[in-house]
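**Q** There's a structure below that I have some questions on.
The values are calculated or read from the model by the stated rules, or taken from the named source; none is laboratory data. Predicted model only: the values in this text are computed from it and were never measured. Glycine gets a Cβ as well: all are built from the backbone with ideal geometry, and neighbour counts include every protein chain shown.
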Amino acid sequence: MSENWNKRTQAVHGGIRRSQYNEVSEAIFLTQGFVYENAEQAEARFLECGPDEFIYARYGNPTVSMFEQRIAALEGAEDAFATASGMAAVNGALTSMLKAGDHIVSAKALFGSCLYIVENILTRFGVDVTFVDGTDLEQWKAAIRPDTKAVFFESMSNPTLEVIDIASVAELAHAVGALVVVDNVFSTPVFSRAIEQGADVVVYSATKHIDGQGRALGGVIISTRDFIRGTVEPYLKHTGGALSPFNAWVMLKGLETMALRVNAQADSAQKIAEALEGHPALERTLYPGLKTHAQNALVQSQLGGKGGTVLSLDIKGGKDAAFAFLNAMTIPVISNNLGDAKSIATHPATTTHQRLSEAQKVELGISSGLIRFSVGLEDADDLLADIQQALEVSQK
Ligand SMILES: Cc1ncc(COP(=O)(O)O)c(C=O)c1O
C-alpha cells in the first residue's frame, strides 16, 4: 500500500486486510468479539490494544477497520472512526471534544439534525454557541473568540447549497487554536480536499455517496491519529455509536465505485441545472456549479469546479406547486436520502427541515416552493425531460 496513491487507487485498495485465505474481495468479519489464546493475552489486550488487534466490535472490528483506513487514506488523513450513521459521526466529533463552558461558532445553514445537536443538545450541556452566516467571513471573524474551542459548518449546506470557504475560516479558527470541524457530505470525498485546505476533523454521512445505492446507514469521523484515538474513540466506544461490520463492508465496496458514480451524477446535475436556469416555472435554480451561483468562484478553487450531485429548485407557486411537481415526476422517487444511484426529490420545508420555525426557514431560504433534487445515475436527458414536464404540471 502506498501513501502516494491518488484517491481512486486508495478507494479500491486502501486499508485492505486479508485473512489467511487471501480473499480478493474484503471479508465480512460478522463477529462481535474475538477469542484470546489465554487469560494473559486478554489482560494484555485490555491494557493496550495494537492496531491489528481487536477486543469487541463496539471498539473495533477488522471489516470496520478496513473501511476506516480506506477512507482515511482517501482523504489524506492519519485515521478515522466509523459510526452507525452520519448523525452519530457529527455528534461524536463535537460531543467528544466539548465540555460545559466551551464556546463554538457554527454556520446557521445546517441540516435539521445537525442544527438540533448544536442548538439543542450542546447548549443543554452548557456549551455556548454563536451562529453566523457561514458565507460571510466578517461574521466568522467577529464571532471567533480567543477561547473558541471549535468551529462547525457544512462545507456545502443542505438544502440551500451555500459553499463555505474552508481555508479562510480555518485561518481565523487556527489563529485562536480552535478546531475546524466540517460536515462534508455535499462536497463529497470525490471533489473535496478539506483536510489539505485546513479542516481538522471531517465528517461524512456514509449513507449518502459512499454507499451511493441506498442500502445502509453509516458515518465516519476523519482526523489525526491523536484526535481519533485520544478523543473520539474513548467517547464512541463507551457510548455505542459503532458501525456494524456488515454496513462497513457495504461502505467499503461503495468506496470502490464512488468516484465513477459521483462524477457521473455531478456531470448530470451540471447539465440539468444549466438547462433549467431561467425556466419560467422557477424562482431560482440553485446549483454551485452554475456561474451565477454566489460562491461559484469558491467552487472553482475549493472543489475543482465541481458543483456536487444535488441541485435545489425553487418552484413558483409555493407548497401546492412544489407538491404538484413532486407528484408529477415519474423517474425520481420522493424520499429524503441523497447521493443515491436513484434520483431523489425532497421537499425540505415539510420533511428534513420541518422542525425549523417559519422565521428560520425564511432566514435560510428554505421556501415553501423549494425542492432538493439529488441527481442519480439515470440518463440526464430522461431526467431533464421528466423535470420539465413536471414543472409544466406544477404551474397549472
Ligand atoms: C449534511 C448532512 N449531515 C449529516 C446527515 C446525517 O446522515 P445520516 O442520515 O447518515 O445520519 C445528513 C443526512 O441527510 C446530511 O445531509
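**Q** Given the options GLY289, GLY317, name the one that is buried (at least 20 other Cβ atoms within 10 Å of the Cβ), in the same structural domain as LEU384 (by TED's automatic domain parsing) and more than 16 Å from the ligand (Cβ to nearest atom).
**A** The match here is GLY289.
**Q** Here's another thing I want to ask about it. Here's a check for you: in the range 178-198, which residue that is within 11 Å of the ligand (Cβ to nearest atom) and of a type in the set (A, V, I, L, M) is nearest to SER244 (Cα to Cα)?
**A** VAL185
**Q** Being in a loop (DSSP other than H, G, I, E, B) and either farther than 30 Å from ILE366 by Cα or without any contact (Cβ under 8 Å) to a residue 40 or more places away in the chain (or both), is that true of even one residue in the range 80-94?
**A** Start the filter on the range 80-94 by keeping residues that are in a loop (DSSP other than H, G, I, E, B), which leaves 84-85.
With either farther than 30 Å from ILE366 by Cα or without any contact (Cβ under 8 Å) to a residue 40 or more places away in the chain (or both) added as a condition, the list becomes none.
No, the range 80-94 has no match at all.
**Q** Here's another thing I want to ask about it. Within the bounds of the range 52-68, is there any residue that is assigned by TED's automatic domain parsing to the domain that holds ARG215 and within 30 Å of PHE373 (Cβ to Cβ)? Can you show your working first?
**A** First pass over the range 52-68, keeping only residues assigned by TED's automatic domain parsing to the domain that holds ARG215: 52-68.
Imposing the further condition that a residue be within 30 Å of PHE373 (Cβ to Cβ) reduces the set to 67.
Within the range 52-68 (the criterion being assigned by TED's automatic domain parsing to the domain that holds ARG215 and within 30 Å of PHE373 (Cβ to Cβ)), the answer is yes, since at least one residue qualifies.
**Q** I'd like the full set of residues that are within 14 Å of the ligand (Cβ to nearest atom), over 8 Å from the mean Cα position of the chain (by Cα) and either outside any loop (DSSP other than H, G, I, E, B) or surrounded by 23 or more Cβ atoms within 10 Å (Cβ to Cβ) (or both), limited to the range 199-218.
**A** Listed by number, the residues that qualify are VAL201, VAL202, THR207, HIS209, ILE210, ASP211, GLY212, GLY218.
**Q** Let me ask something else. Can you pull out the residues in the range 350-370 that are buried (at least 19 other Cβ atoms within 10 Å of the Cβ), in a loop (DSSP other than H, G, I, E, B) and in contact with a Ser or Thr (Cβ under 8 Å, 6 or more places away or on another chain)?
**A** Of everything in the range 350-370, those that are buried (at least 19 other Cβ atoms within 10 Å of the Cβ), in a loop (DSSP other than H, G, I, E, B) and in contact with a Ser or Thr (Cβ under 8 Å, 6 or more places away or on another chain) turn out to be THR352, ILE366.
**Q** Let me ask another. Condition first: in a helix (DSSP H, G or I), within 30 Å of the chain's Cα centre (by Cα) and either within 21 Å of ILE221 (Cα to Cα) or not aliphatic (A, V, I, L, M) (or both). Can you find one or more residues in the range 47-62 that meet it? Can you show your working first?
**A** Our first condition is that a residue be in a helix (DSSP H, G or I); within the range 47-62, this holds for 47, 62.
Right, trim to within 30 Å of the chain's Cα centre (by Cα) and you get 62.
Right, trim to either within 21 Å of ILE221 (Cα to Cα) or not aliphatic (A, V, I, L, M) (or both) and you get 62.
Taking every residue of the range 47-62 in turn, at least one turns out to be in a helix (DSSP H, G or I), within 30 Å of the chain's Cα centre (by Cα) and either within 21 Å of ILE221 (Cα to Cα) or not aliphatic (A, V, I, L, M) (or both).
**Q** Please work out which residue is modelled with the highest pLDDT, limiting yourself to the range 85-115 and to residues that are within 11 Å of the ligand (Cβ to nearest atom) and surrounded by fewer than 20 Cβ atoms within 10 Å (Cβ to Cβ).
**A** Step by step, filter the range 85-115, then rank; the result is SER85.
**Q** Can you name the residue in the range 320-345 that is buried (at least 16 other Cβ atoms within 10 Å of the Cβ) and over 26 Å from ALA264 (Cα atoms) and is also nearest to the ligand (Cβ to nearest atom) among such residues?
**A** Here the residue is ALA322.
**Q** Right, another one. Select from the range 142-169 the residues that are of a type outside the set (A, V, I, L, M, F, W, C) and farther than 23 Å from ASN296 by Cβ and write down the one among them that is farthest from the ligand (Cβ to nearest atom). Give the steps one after another, and end with the answer.
**A** Going through the range 142-169, the residues of a type outside the set (A, V, I, L, M, F, W, C) turn out to be 145-149, 154-155, 157-160, 162, 165, 168.
Going one step further and asking which of them are farther than 23 Å from ASN296 by Cβ, we end up with 145-149.
Working: ARG145: 26, PRO146: 29, ASP147: 27, THR148: 22, LYS149: 21 Å.
The selected residue is PRO146.
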